[in-house]
Amino acid sequence: MNAPQDVMDDLSALGGFFTLADATGTDAIPFDELLRDVPLAGRLDQVRQALAQGTGQDPADVEVRVAMSALQVGLASRLWSVGLGAAVLHGTVPDLRSRHLLGSPGHRGDVPLALADGTPWRAVPGPHEAAAELARTVVDGSLADLDAACSRVGRVPPRVLLSNAASSLVGAARVLGTARPGAATTAWAVVRLVLAAPGLAPGGAARSRAGLPTGVGGPMERADEAFLRAGCCLFDRIPGHGLCPDCVRAPTHAHLVTPGH
């Protein structure tokens with residue numbers, strides 16, 4: 001299936017992380033190259049500078065692991081938003097493995113994410129098919145490549161990266177459900193299945209809100225449940241940030257994390 005222009009346009013209309021850029025005539029390079037040590041280290045330095053500028057720190061004072069965690073969250077969120085949005089809204093999804101992706105080598109470049117010419121699309125008529133395709137192409141594909149590179153170059157523990165990825169998927173569902181309320185139920189059905197994929201399940205899970213203080217845990221579709229991470233994103237090390245609602249380090253729900261995560 002060729003890239004359907006109506007799907008691309010509809011995703012772009014959602015803005016933010018759902019947009020696939022046009023890489024024609026830009027500085028975009030293959031995703032595989034973007035994840036090589038030298039380009040990724042250069043992008044990491046730019047993220048450190050951006051975080052420092054936003055907090056009044058010296059770039060040298062921004063921890064490498066924190067900046068790399070932020071870098072990974074941004075790219076993971078784009079992968080999930082594009083894949084989930086296309087699958088839920090249009091019943092088709094592009095092959096989001098690294099070999100089919102492009103992006104600017106620099107942070108905040110003109111091409112945050114794009115598809116290479118000839119990227120195949122696959123029909124996904126229901127949540128199970130959509131989840132299986134996202135698990136194959138994202139969880140076991142581009143996301144695995146991204147996490148391996150971030151761990152290698154930025155020395156970020158795999159548990160942090162997996163938790164970032166799981167939390168980013170849940171965040172994509174929240175944004176999609178808010179923008180297109182009629183698609184929310186399907187989006188959450190896909191997300192629940194993808195969260196159970198072996199390559200992502202260690203990153204976090206839905207939990208009952210029973211016994212949780214108000215405001216603890218990331219919102220999900222139902223009011224009686226919350227998403228809890230298995231690892232911390234490290235953003236509390238950024239001045240003024242604090243812990244996220246779904247953070248594993250919040251003492252009010254640290255006991256709920258599966259042993260060994």
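Since every read-out is calculated from the coordinates, none of them should be taken as a lab result. Every value quoted in this text rests on a predicted model; they were computed, and no experiment measured them. All Cβ positions, glycine included, derive from the backbone under ideal geometry; neighbour counts span all protein chains shown.
Values for this structure:
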item	result
Residue-span extension gain [residue 148 to residue 61] - 0.36 nm each, minus C-alpha spacing	28.9 nm
Where labels lie 7 Å past Cα in the beta-carbon direction, separation of residue 38 and residue 178 in nm	4.1
Range in the chain, longest, excluding exposed trypsin sites (Lys or Arg not before Pro) [loop by DSSP; at most 16 other beta-carbon atoms within 10 Å]	37-107
Between region 161-179 and region 28-82, the Cα center-to-center distance that results, in Å	19
